[in-house]
Amino acid sequence: MPINYFLILSAFLFCTGAYGVMARRNSVLVLMSIELMLNAVNLNLVAFSTHLENVSGQVFALFVITIAAAEVGIGLAIVLLIYRNLRSPDLDQVEQLKG
Amino acid sequence: MLDSAWLFPVIPAVSFLVILFFGKKLPFKGAEVGIASVGAMFLLACVVAAQWIDKVESAGHGSEKGLAALGHSVVAAAEGAKGGGEVEPIVHGFTWWQNGAAKFVVGTRVDGLVVMMLLVVTTISLLVHIYSTAYMHDDRRYTYYYAALSLFTASMLLLVVSANLLQLLVGWELVGLCSFMLIGHWWEEKENSNAALKAFLTTRTGDVGLMIGIIVCFFAANSFDIAKVNAYALSPGADHGLLLVAAVALMFGIMGKSGQFFLHTWLPDAMAGPTPVSALIHAATMVVAGVYLGARVYPVFFNGFSIGTSTFNMMAIVGAVTILIGAALAFVQHDIKKVLAYSTISQLGYMVMALGVGAWSAALFHLFTHAFFKACLFLGAGSISHSATHHSFDMREMGGLRKKMPVTFWTFMIATLALAGIFPFAGFWSKDEILATAGQGRYDVFVVVGLVGAVMTAAYMTRCVYLTFFGKYRGHHHPHESSPAITVPLVVLAVLSLLAGLLQAAPINVTKFEHWLEPVGGLPELVHPKFDYALATISVALASLAVGAAFFFLFKREESGAFKGLTQRSKVAHAGYTFLEKKYYLDDLYEGVIVAGIKGPIARASYWMNQNVIDGVVNAVGRGTTRAGRFTYGVLDQELVDGAVNDLGRETGSAGGGMTKLQSGQLQRYALLLLASVGLIGLAVYLVNVV
Amino acid sequence: MWAQEVAFWIIAVAMAGAAIGVVRSNNVVHAALFLVVVLAGSAAQYILLLAEFVAWVQVLIYIGAIVVLFLFGVMLTRAPMREEAGKLDNNQRLASGVVALFLFGVLTMFLVDAFHGDEVKFKDSLVQLGSTNNIGNSIFHDYVIPFEVVSMLLLAALVGAVALARRD
């Protein structure tokens, strides 16, 4: 079974996630899209782990899952703060970074 | 003892913790713990040195016997004894931590180079500890001072005994931290804390290079281990380009730490720290860490810069430039410590240049002797300020101290003669060894630079000694000799400056230093020069002439005031004086352009650059060109360095203008641009590689 | 071998559809449920790749914990359950689509160029490789330092989330 099956599926998930990050206005949806991207990375890691018969890839996939959990926790806390301050979960309200 | 080198960093580190937590409650406020631990280290270093020498000697004899038994000629036996190639370094280590396949080892390594450094560091550190009991008496932070000294000793010893580059980097950064703490010891004055920050940030600039160099070495040799890196660099299959990159990057680390041109500006400012600290850190030990690194991974530099086959290389040039600019700046200082600081820069230039021309053992011999006489000079300056001028280092307030402080005077004199390279003091032997080795290769230019540097050294030191000890006393205090805690270290160091050179005195057939130093496992073929009588005579004659001329000039001036108005009367002399006094405007360049540029937001900085720097630089270039005829380095500085800054400022300005349009403040717009760029770069990489 | 291929394609098509659902749905809760489908699909792919332990961790942590967190987030920010089309997106939808497609093209080009002809071979030894036993050994022996670092990171994230979200 060609490894490219898995890799291209993973690339597709990644780009879909990237689209979500760029185009979604609701911040919770942006976070979900980030999860899609992380998941694509995991799929890559596990596919290579099996292909190369090396356990490191699976171990790193586990680390990525753990870090994703931490990221969602912090991310949702930030979303809550934005919501509390701006009364809206929409990211295009946040433009204080303007130079 | 050779197997227990791990004790060296550990004991002072324990002493640091003890002083930090219990120091204030102890009867001597922590000083006794520091002195005891460093004293123990000194004894240990002596034992290690004795055992090492014993090992080298017995190995030398062993090979002699073995070869004789095989019926080889005497020449081969003599080579075996001389090179001491049989003596292997003693290396110990254990796995610190492991991450997948990558293993990180900590360990110790003892060889000739390490033994020499251990002796230097522990000797100077012990004397400075003793000296400080009198010098720092009644200081506000006496206990913390001793804690920092202990930490410094521990870090320096860690740096010296480490068996791999990563561990060396840890020691390297720790000594930088201690240097920062001690320069800013009296941080209540803004000037001192500024000097500390400057030292920290400037050396850090070089450390980026060091880190890159270590990483390149790791990927080249697939190990951080010093022995493996050296073995890789010496192997015929080594990638020359990779070694060159590593050598250039490591060179930046050396330039930062060892005060080489153009990262030398922090060292004179570092004199804001207490004088014993200047002697220990900024003259004898920490600043030579760069030279030590150069000697430690010498094969990387040797093959990276093609030392021995080329006529010029970055290392020798940086060293040579540093010798000259340091010596020139030492002429115009009024602060005795600044004279010594610039002298240190210049002497470090000698060491780096020596490494650059293939004089490995001569560079380290100079490091060895320089540590003693420069520490002696600094401690002497401290003694003067402590007992004669009430904590001032201005030579205009000194003078005529010869009779009032005889011990300080005589020790200072001996160290000065050693620094000036007068026969038979220590500096003569080491400096001559460097010049002789440079003369053996194709490095005639650097011999000339070395001789010019020697003349300048002799002259500015004469000026310094004259202003301090001769003539009439110009201060308003009551000078008296210092207490024994200060004079005893001075005498010890003076004796060492007198005798240390005899370890390697070629004309009387003593090459002990080289013989004990060189078994380090993994060195390129080194040149061992014959003693060059002509060169030695010339250098001593020139130095004596310089001493005489400078003395005569100063004496005359004192007598009649005839030369007093030289800088007022002659425009050339005045311009030169200002140029030197402004330290080639390098500080203005660094502070005005680089620091100010980083401080403000980019947009404001680019505007500011447009308004001030470019105008200022154009003016400066104009001024510089008028001086260009007189000062070759003026051309270099103003046109090359400033010109580059000029262009950079313009580029930043225009780029900043264009970039503001992209700053919408919307995160997702940024994400869009980021991903689009990633895609474009990916496409470009693909096209370059495939098509 | 063909059974695995068939399984892969069924799961892959479901995942791709659900992924598009996540980024195109007009209902936040539906998006979260689409995300569950993608994550479960990933777990199934891991099983297919004989990475058993990772698959179960995926189910437990991603589907079990993270999706619940998302639903909390949806609830707390009072996201609208039903929204007219396009209200959940911003104004650079078209540009985003172009960039995402372009990126996908570049990535695919790279992958085809680099890995065409490489086959994943399923062997019995791979079952042993992905077993809990083997992975546990690897984490607590070779990767113990990163493991400790990650646990510190989780602690920091916990404290950080509390510090950010509490009302003063």
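The values are calculated or read from the model by the stated rules, or taken from the named source; none is laboratory data. These numbers come from a predicted model, not from an experiment. Here the Cβ is made from the backbone with ideal geometry for all residues, glycine too, and neighbour counts use every protein chain on show.
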Contact list please: Cβ distance under 8 Å, first residue in the stretch C:94-121 and more than 7 Å from chain A (Cβ to nearest Cβ) and free of Cβ contacts under 8 Å to residues at least 60 places away in the same chain, second residue of a type in the set (D, E, K, R) and loosely packed, with under 15 Cβ neighbours inside 10 Å, pairs at least six apart or on different chains. none
When you go through (1) modelled with pLDDT of 85 or more; (2) within 30 Å of B:Lys337 (Cα to Cα); (3) in a helix (DSSP H, G or I) one by one for B:Asp269, which number turns out not to apply? (1)
Could you check the stretch B:462-514 and list, in sequence order, the residues that are at pLDDT below 80, among the charged types (D, E, K, R) and either under 30 Å from the mean Cα position of the chain (by Cα) or within 21 Å of B:Lys338 (Cβ to Cβ) (or both)? B:Arg474, B:Lys512, B:Glu514
Taking the stretch B:388-412 on its own, how many of its residues are within 29 Å of the chain's Cα centre (by Cα) and in a helix (DSSP H, G or I)? 8
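Conditions (1) surrounded by fewer than 19 Cβ atoms within 10 Å (Cβ to Cβ); (2) under 26 Å from B:Ile384 (Cβ atoms); (3) in contact with an Asp or Glu (Cβ under 6 Å, 6 or more places away or on another chain), marked per residue:
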| position | (1), (2), (3) |
| --- | --- |
| B:Ala454 | no, yes, no |
| B:Tyr460 | no, yes, no |
| B:Thr487 | no, yes, no |
| B:Val495 | yes, yes, no |
| B:Gly501 | no, yes, no |
| B:Tyr533 | yes, no, no |
Quick check on my filter: what residues within the stretch B:257-270 are more than 15 Å from B:Val321 (Cα to Cα) and either crowded, with 24+ Cβ neighbours inside 10 Å or of a type in the set (Val, Ile, Thr) (or both)? B:Lys257, B:Trp266, B:Leu267, B:Pro268, B:Ala270
Candidate set: the stretch B:254-275, residues that are among the aliphatic types (A, V, I, L, M) and farther than 23 Å from B:Tyr146 by Cα; chosen: the one farthest from the chain's Cα centre (by Cα): B:Leu263
Scan the stretch A:26-50 for residues that are small (Gly, Ala, Ser) and either under 15 Å from C:Phe147 (Cα atoms) or more than 7 Å from chain C (Cβ to nearest Cβ) (or both) and report the count. 2
Identify, please: which residue in the stretch B:141-191 is of a type outside the set (S, T, N, Q), outside any helix (DSSP H, G or I) and touching a Gly at 6+ places or on another chain (Cβ under 7 Å) and is, among those, surrounded by the most Cβ atoms within 10 Å (Cβ to Cβ)? B:Ala163
Quickly run through the stretch B:305-341 and pick out the residues that are farther than 24 Å from B:Ile183 by Cβ and not in a helix (DSSP H, G or I). B:Phe305, B:Ser306, B:Ile307, B:Gly308, B:Thr309, B:Ser310, B:Thr311, B:Phe312, B:Asn313, B:Phe331
Which numbered condition A:Leu13 misses (of (1) within 25 Å of C:Glu52 (Cα to Cα); (2) more than 11 Å from the chain's Cα centre (by Cα); (3) facing chain C (nearest Cβ under 7 Å)): (2)
Taking the stretch B:192-229 and keeping only residues that are on the phi > 0 side of the Ramachandran plot and of a type in the set (A, V, I, L, M), one is left with none
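Please pick out the residue among A:Ser33, A:Ser10 that is touching a strand residue (DSSP E or B) at 6+ places or on another chain (Cβ under 7 Å) and within 30 Å of A:Ala77 (Cβ to Cβ).
Only one candidate qualifies: A:Ser33.
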Given (1) buried (at least 18 other Cβ atoms within 10 Å of the Cβ); (2) over 22 Å from the mean Cα position of the chain (by Cα), index of the condition B:Gln440 fails: (1)
Failed criterion for A:Glu53 (all others in (1) modelled with pLDDT of 90 or more; (2) at the interface with chain C (Cβ under 7 Å from one of its Cβ atoms) hold): (1)
Of all residues in the stretch B:233-246 being under 14 Å from B:Phe218 (Cα atoms) and free of Cβ contacts under 8 Å to residues at least 60 places away in the same chain, the one that is surrounded by the most Cβ atoms within 10 Å (Cβ to Cβ): B:Ala246
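Would you pick out the residues in the stretch B:127-140 that are within 12 Å of B:Met41 (Cβ to Cβ) and surrounded by fewer than 24 Cβ atoms within 10 Å (Cβ to Cβ)?
Hits for the stretch B:127-140: nothing passes.
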Residue list for the stretch A:56-66, restricted to those being within 7 Å of another protein chain (Cβ to nearest Cβ) and not hydroxyl-bearing (Ser, Thr, Tyr): A:Gln58, A:Val59, A:Ala61, A:Leu62, A:Phe63, A:Ile65
In the stretch A:69-91, residue surrounded by the fewest Cβ atoms within 10 Å (Cβ to Cβ) [restricted to those that are more than 7 Å from chain C (Cβ to nearest Cβ) and in a helix (DSSP H, G or I)]: A:Asn85
What do you reckon, is C:Ala55 surrounded by fewer than 17 Cβ atoms within 10 Å (Cβ to Cβ), more than 19 Å from A:Ala11 (Cβ to Cβ), out of contact with any Pro (no Cβ under 7 Å at 6 or more places or on another chain) and at the interface with another protein chain (Cβ under 10 Å from one of its Cβ atoms)? no
Taking helices (runs of 4 or more DSSP H) that do not extend beyond the stretch B:423-530, which have at least 3 residues that are over 30 Å from B:Thr133 (Cβ atoms) and not charged (D, E, K, R)? B:426-440, B:444-469, B:512-517
Looking only at the stretch B:398-453, count every residue that is basic (Lys, Arg) and closer than 20 Å to B:Ala283 by Cβ and tell me the total. 1
Options C:Leu35, C:Leu71, C:Leu49: the member that is surrounded by 23 or more Cβ atoms within 10 Å (Cβ to Cβ), in contact (Cβ under 8 Å) with a residue 24 or more places away in the chain, facing another protein chain (nearest Cβ under 10 Å) and over 15 Å from the mean Cα position of the chain (by Cα): C:Leu49
Quick check: is even one residue across the stretch B:289-305 buried (at least 24 other Cβ atoms within 10 Å of the Cβ), touching a residue at least 24 places away in the same chain (Cβ under 8 Å) and within 30 Å of B:Gly400 (Cα to Cα)? no
